[in-house]
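J.: Sharing a structure with you now.
Values in this text are rule-based calculations from the coordinates and carry no lab data. From a predicted model like this one, the values you see are computed outputs, not experimental measurements. No Cβ is skipped: glycine too gets one built from the backbone with ideal geometry, and neighbour counts run over all protein chains shown.
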Amino acid sequence: MTGDVINFADKFDLIDDRWKPRVIAEMNDYQFKLAKIEGEFVWHDHEDTDEAFIVIDGELRIELRDGHVDLSAGEMYVVPRGVEHRPVTDGVVHLMLIEPRGTVNTGVEGGEMTADNDVWI
């Protein structure tokens, strides 16, 4: 067997920033990213890919233009490609994202919340 076991708690301990996903693994062309998030993100979409949100700790609301989805620890939701969304939290949330390598966290919206890609921890 190859590769190392990845411990989420150990990886989250290395993250201080909010809204800056960090890559912990790759599978084919997909990256598994961890992030600590808090507050409101920008409205955005991803034209070419779905985006999986997996809540490890905390409570997350994903606002959609026609409603919202509430997630608790241990739950996940996949935002379909092209659907405008905005993650919102009342406190710190530990989150895993699964998306293709090179996906920009703010989509085409850009701005100060755009995180660098391919930052590994």
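J.: Each residue of region 7-18 in turn: what ³J(HN,Hα) in whole Hz from Karplus with 6.51, -1.76, 1.60 and θ = phi - 60°, glycine and Pro shown as x?
T.: 9, 4, 4, 4, 5, 4, 4, 8, 9, 10, 6, 9
J.: Calculate, in whole percent, how much of the Cα-Cα pair population of the chain lies beyond 26 Å.
T.: 12
J.: Which residue, His46, His94, His68, has the most motion in a Gaussian network model of the chain that connects Cα atoms within less than 10 Å?
T.: Checking each option, the largest mean-square fluctuation is seen for His68.
J.: Of Met96, Met76, how do they rank once you tally other Cβ atoms within 10 Å and put the fewest first?
T.: Numbers: Met96 19, Met76 12.
Fewest to most other Cβ atoms nearby, the residues stand as Met76, Met96.
J.: Per DSSP helix of 4 or more residues, -39500 (n - 2.57); summed, then divided by the residues of the chain. What does that give at 222 nm, rounded to the nearest 500?
T.: Theoretical 222 nm ellipticity from helices: -1000 deg cm²/dmol.
J.: Taking a cut-off of 12 Å between Cα atoms, list the aspartates and glutamates near Lys20, but don't count ones fewer than 8 places away on the same chain.
T.: Cross-link targets: Glu38, Glu112, Asp116, Asp118.
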